[in-house]
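Novice: Mind having a look at this structure? Questions to follow.
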There are 2 protein chains.
Amino acid sequence: MAGADPAAGVASKLDFDGPRILVPVAEAIALVAAILRASGFPADIAQEVAGHLADADLCGVESHGTIRVLQYAEQAASGYLRADAVARLVPAAERGWPWVDGGGGIGIPAMRLAVDDATDQALRDGIAVRALREAGHTGRIGAFAERAAERGALAIVIGGGGRKNWRQAAPHGGRKALLPTNPYSLGIPGGDRGPAVIDFATSMIAGGWLHSARAAGALVPAGAIIDSEGRPSRDPAAYFAGGAILPKGGPMGYGMAVMAELVCEAMLGPATTECNWLVLALDTSRFGAPARMREMAEEMLAELRDCPPAPGFARVEVPGERERALRAANLPRGISLPERTLASIRALAARLGA
Amino acid sequence: MAGADPAAGVASKLDFDGPRILVPVAEAIALVAAILRASGFPADIAQEVAGHLADADLCGVESHGTIRVLQYAEQAASGYLRADAVARLVPAAERGWPWVDGGGGIGIPAMRLAVDDATDQALRDGIAVRALREAGHTGRIGAFAERAAERGALAIVIGGGGRKNWRQAAPHGGRKALLPTNPYSLGIPGGDRGPAVIDFATSMIAGGWLHSARAAGALVPAGAIIDSEGRPSRDPAAYFAGGAILPKGGPMGYGMAVMAELVCEAMLGPATTECNWLVLALDTSRFGAPARMREMAEEMLAELRDCPPAPGFARVEVPGERERALRAANLPRGISLPERTLASIRALAARLGA
């Protein structure tokens, strides 16, 4: 049963110190799945999406957690998402690649299908690429890169092409929101603690943080957004009133966003639902024995863990390990949600009779 | 003939306002090629490397320009590089990929071979990957990603595995130099002005800037390096005295560096000369007609060029266009070198009898 969270805020990147509620995982999944079913999603898709969102919360990635059910239900109600769509694999045309047609539905099962099918072919033929088109939000993409890496693949996932509907980030040197947040995720088998996974927006923050921060009444980190006049701000409302997110690392994040738009729109064609995705999978075992790879990876990752921390840091982290450690620690505790977020979700469930 | 440069500093990222000399391109290439030949490099390799370095200077990428001949000659003299090595394509083993063996020599012709061969196969089969091992410095890798993109490929080039010899960058949250600068380059066909190309170190600056800045007596940008105690510094000497470069974009640049080390060392095996490289090439025409791709790219890139600039910026740039514009503008003028850099190069030539 849900209750006040005494360790509130510890595992969250969100700048939010208001009251939190601990919700058991099964209860969170059941609540979200019921809302999705009441919104018209088939039961198996509702269950998969609810499980994915709960996992993101457990991993400390609140921006892509349970709160997203509010967005998905709204998008299904408005017709932005086709709730009853089922993703399908489209066979390759001559000289082309198989691709995944999301059918205009929620992108989480569609991304799983694209990543699994690319990994299958990579393990068979050495390398594979899949386009994912006509799918809505794909959840926490790091979860999918990790899934491919657990099977021995290097996975590269690039999202873009949605800028006409998602003018979120300013180009480096510009003051107008023109680009989406263009996420990338890479996963690769690691050392003794599992795959290394990175998953980032090329903008300073993902769009999800702004929604989460606004819903929770929190601020966004300094240096992340500008208001409509190009002035720095920490208020998510300034962003929603014509502001923009800044690119991460200046020219680097901007350059990666430009590449993602060219890959996912100019190359893959117009993004009809949200954005398009390119999924690349490479069989790492074609270059050397997995045991040697694991040993060399562990040696390198151990060096990083042992690095003396800079002032203000407790330790150096290996990408992917924090999420797994948080998942393991949080699983028996439950999901910690800002009180306001949980209230919004319950109000929605009541409204839908879920 | 070389002469004082009246437009000194305009086209350089280097924080250097000392006197500069304009050197005609053919003269710079002849001088560099002569030094390389006198250092034991075969004439055709000397010519290719000298041309590559001159092109980097023309493109405004001084850190990877003519100044590098000092490093290459020193590395040949010390035995770090095998001057007489010739890169060769090694046929694929069963279930593997062909790869390029740099033979311990300079990496510029070896990278050209890897990128060209990957692009050949990608245009034939849809996608290809090549490892490049046992090669020294590969010059300005953006030049190679651009070369593949001009043929219609999406190219992804990742360098790493050299951290045991190149402890340059601190991990995010750490204060010790553990990682190399782990460069990435991506190129893709663009709009009417040619390919979009990004080329960056995952550290705040490339190692080359520190060498260039030290040689020219210049400072490095604020926020780029820490000294041996973890304190911010702008003095390249602080870096060479036990300091570190910071990762670009914090966790993003650090995460990409970790991936590059895992790809290029754990997956590709130990880097025996400098670092290893993974080159991926994908035929973009398998997803749609090149004419449609170009049209959609141009529409997107034009939006970016038209973005109102932020305070302190003259305009928003499209990645790859500045280098090409500088090349075209500088070609008839010549290469602008800091007086001290040119003096060092000429002194080396005299010492070698080149």
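Novice: Averaged across the residues of B:224-232, what count of C-beta atoms belonging to other chains lies within 10 Å of each residue's C-beta?
Specialist: Working: counts 0, 0, 1, 0, 0, 1, 4, 1, 0.
The per-residue average across the peptide is 1.
Novice: Provide an ascending nm list, one decimal, of label-point separations from B:Pro221 to the equivalent residue in each further copy; define each label point as 7 Å from Cα along Cα→Cβ.
Specialist: Label-point separations across copies, in nm and ascending: 1.8.
Novice: Can you list the residues, at least 5 places off or on another chain, whose amide H is less than 5 Å from the amide H of A:Glu134, using H built in the peptide plane?
Specialist: A:Gly102, A:Thr272, A:Thr273, A:Glu274
Novice: Further question on the same structure: Once you've got the GNM for chain A with C-alpha springs shorter than 10 Å, pick whichever of A:Asp199, A:Asp125, A:Asp116 has the biggest mean-square fluctuation.
Specialist: A:Asp125
Novice: Can you work out the Karplus-derived ³J(HN,Hα) for every residue in region B:151-168? Use 6.51 cos²θ - 1.76 cosθ + 1.60 with θ = phi - 60°, whole Hz, and x for glycine or proline.
Specialist: For region B:151-168, the Karplus-derived couplings read 9, x, 9, 7, 10, 10, 10, 10, x, x, x, x, 5, 5, 9, 10, 7, 10 Hz, x marking Gly and Pro.
Novice: For region B:197-354, report the translational diffusion coefficient in µm²/s to the nearest whole number, using Stokes-Einstein at 25 °C, 0.890 mPa s, and a Kirkwood Rh over Cα pairs.
Specialist: On the way: Rh = 19.9 Å.
D, rounded to a whole number, is 123 µm²/s.
Novice: If you plug each phi of region A:315-329 into the Karplus form 6.51 cos²θ - 1.76 cosθ + 1.60 with θ = phi - 60°, what whole-Hz ³J(HN,Hα) values come out, in order, with x for Gly and Pro?
Specialist: 6, 8, 9, 9, x, x, 7, 4, 4, 5, 5, 5, 4, 5, 6
Novice: At 0.36 nm per residue, minus the direct Cα-Cα distance, what do A:Asn165 and A:Glu74 gain on full extension? Give it in nm, one decimal, please.
Specialist: Numbers: separation 91, 0.36 × 91 = 32.76 nm, distance 1.61 nm.
Difference between extended and current length: 31.2 nm.
Novice: Follow-up. Need one number: nm distance between label points at B:Asp192 and A:Arg231, each 7 Å from Cα along Cα→Cβ, rounded to one decimal.
Specialist: 3.9
Novice: Could you tell me the calculated FRET efficiency between B:Ala241 and B:Leu331, based on Cβ-Cβ distance and R0 = 60 angstrom, to the nearest 0.05? Display every interim value, and only then the final one.
Specialist: Details: r = 39 Å, r/R0 = 0.65.
So, using R0 = 60 Å, E works out to roughly 0.95.
Novice: Order B:Glu146, B:Glu48, most accessible first, counting only protein heavy atoms with a 1.4 angstrom probe.
Specialist: The ordering from most to least exposed comes out as B:Glu48, B:Glu146.
Novice: Would you mind listing the distances between the A:Ala93 label point and the same position in each other copy? Use 7 Å along Cα-to-C-beta, nm, one decimal, shortest first.
Specialist: Those label-point separations list as 4.0 nm.
Novice: What Rg and what Dmax come out for the protein assembly as shown when only alpha-carbon atoms are used, in angstroms?
Specialist: 25.4, 88
Novice: Run the 1.4 Å probe and let me know the accessible area of B:Thr272, rounded to the nearest 10 Å².
Specialist: Its heavy atoms expose roughly 90 Å² to the probe.
Novice: Let me ask you something else. Amide H neighbours of A:Ile127 under 5 Å, at least 5 residues apart or on other chains, H built in the peptide plane: list them.
Specialist: A:Asp283
Novice: Separate question: Suppose each label sits 7 Å from its Cα in the direction of the beta carbon; what would the B:Arg315-B:Glu27 distance come out to in nanometres?
Specialist: Result for the modelled spin labels: 3.1 nm.
Novice: May I ask you to report, in nm to one decimal and beginning with the shortest, the distances from B:Pro42 to the same position in the other copies, taking label points 7 Å along Cα-to-Cβ?
Specialist: Taking the point 7 Å beyond Cα along Cα→Cβ, the inter-copy spacings are 6.1 nm.
Novice: While we're looking at this one, here's another question. I need the GluC sites (Glu not before Pro) found in region A:208-298, filtered to DSSP loop residues with at most 16 other beta carbons within 10 Å of theirs.
Specialist: Details: sites: A:Glu229, A:Glu261, A:Glu265, A:Glu274, A:Glu295, A:Glu298; in loops: A:Glu229, A:Glu274.
Passing both the DSSP loop test and the Cβ count: A:Glu229.
Novice: Can you name the chain A residue with its Cβ nearest the rotation axis from A to B, and give the distance in Å as a whole number?
Specialist: A:Gly249, 1
Novice: Next up: For peptide B:55-66, compute the average count of partner chain beta-carbon atoms within 10 Å of each residue's beta-carbon. Before the final figure, lay out each step's value.
Specialist: Working: counts 0, 0, 0, 0, 0, 0, 0, 0, 0, 0, 0, 0.
For peptide B:55-66, the averaged partner shielding equals 0.
Novice: If R₀ is 45 angstrom, what is the calculated FRET efficiency for the pair B:Arg305 and A:Ala350, using the beta carbon separation as r and rounding to 0.05?
Specialist: Numbers: r = 50 Å, r/R0 = 1.11.
Computed FRET efficiency for B:Arg305 and A:Ala350: 0.35.
Novice: Further question on the same structure: What does the charge count near A:Arg133 come to, summing +1 for each Lys or Arg and -1 for each Asp or Glu among other residues with Cβ under 13 Å from its Cβ?
Specialist: Working: positive: A:Arg88, A:Arg130; negative: A:Asp101, A:Glu134, A:Glu265, A:Glu274.
Here the charged neighbours net out to -2.
Novice: Okay, moving on. Compute a Gaussian network model of chain B, connecting alpha carbons closer than 10 Å, and tell me which residue from B:Ala289, B:Ala257, B:Ala206 fluctuates the most.
Specialist: Result for chain B, Cα springs under 10 Å: B:Ala289 fluctuates most.
Novice: When N is the residue count of region A:20-62, what does its C-alpha Rg come to as a fraction of 2.2 N^0.38 Å?
Specialist: Working: Rg = 10.3 Å, N = 43, 2.2 N^0.38 = 9.2 Å.
Rounded to two decimals, the normalised Rg is 1.12.
Novice: Quick one: what are the phi-derived ³J(HN,Hα) couplings along region B:186-203, Karplus 6.51/-1.76/1.60 with θ = phi - 60°, whole Hz, x for glycine and proline?
Specialist: 10, x, 7, x, x, x, 6, 9, x, x, 8, 9, 10, 7, 8, 7, 7, 8
Novice: Among residues other than B:Gly105 whose Cβ falls under 13 Å from its Cβ, what is the net charge (Lys/Arg +1, Asp/Glu -1)? If you can, show how the numbers build up before the last one.
Specialist: Working: positive: B:Arg82, B:Arg88, B:Arg112, B:Arg133; negative: B:Asp44, B:Glu48, B:Asp84, B:Asp101, B:Glu134, B:Glu274.
Taking every Cβ under 13 Å from that of B:Gly105, the sum is -2.
Novice: With springs connecting C-alpha atoms under 10 Å apart, model chain A as a Gaussian network and identify which of A:Gly187, A:Gly269, A:Gly107 has the largest mean-square fluctuation.
Specialist: Taking springs between Cα atoms under 10 Å, the residue moving most is A:Gly269.
Novice: Here's something else I'd like to know. Taking each pair of different alpha-carbon atoms in region A:88-151 once, compute 1/r for the pair, average those values, and report the inverse of that mean as the Kirkwood hydrodynamic radius in Å to one decimal.
Specialist: Value: 11.9 Å, from the Cα pair sum.
Novice: On the full set of protein chains, 1.4 Å probe, figure out the accessible area of B:Tyr184 and give it in Å² to the nearest 10.
Specialist: Ignoring ligands and nucleic acids, B:Tyr184 comes out at about 10 Å².
Novice: Relative to the compact-globule scaling 2.2 N^0.38 Å, provide the ratio for the alpha-carbon radius of gyration of region B:136-289.
Specialist: Values: Rg = 16.6 Å, N = 154, 2.2 N^0.38 = 14.9 Å.
Dividing the Cα Rg of region B:136-289 by 2.2 N^0.38 Å gives 1.11.
Novice: Using modelled amide H (1.01 Å from N, peptide plane; none on Pro or chain starts), what sits under 5 Å from the amide H of A:Ala169, excluding residues fewer than 5 places away?
Specialist: Close amide H contacts, sequence-distant or interchain: A:Leu178, A:Leu179, A:Ile245.
Novice: Another question about this same structure. Any chance you could list the semi-axes, whole Å, largest first, of the equivalent ellipsoid that the Cα gyration tensor gives for chain B, using √(5λ)? Don't skip to the answer; put the middle values down first.
Specialist: Values: eigenvalues 162, 127, 108 Å².
So the equivalent ellipsoid measures 28, 25, 23 Å along its semi-axes.
Novice: Might you work out the accessible area of B:Lys176 for me, using a 1.4 Å probe with all protein chains in place, and round it to the nearest 10 Å²?
Specialist: Result for B:Lys176: roughly 100 Å² accessible.
Novice: Treating the Cα atoms of region A:51-207 as identical point scatterers in vacuum, please give the log10 of the normalised Debye intensity I(q)/I(0) at q = 0.15 Å⁻¹, two decimals.
Specialist: -0.87
Novice: Next up: Let me confirm one metric for peptide A:302-311, namely the mean number of other chain beta-carbon atoms within 10 Å of its residues' beta-carbons. Intermediate values should be presented prior to the final figure.
Specialist: Values: counts 0, 8, 11, 2, 3, 10, 5, 6, 11, 4.
Per-residue shielding by partner chains comes out at 6.
The values are calculated or read from the model by the stated rules, or taken from the named source; none is laboratory data. Source: prediction; values computed, not measured. Cβ coordinates were reconstructed from backbone atoms using ideal geometry, including for glycine residues, and neighbour counts include every protein chain displayed. Only protein heavy atoms, including side chains, enter the accessible area calculation; ligands, DNA and RNA are left aside. Shrake-Rupley method; radii C 1.70, N 1.55, O 1.52, S 1.80 Å.
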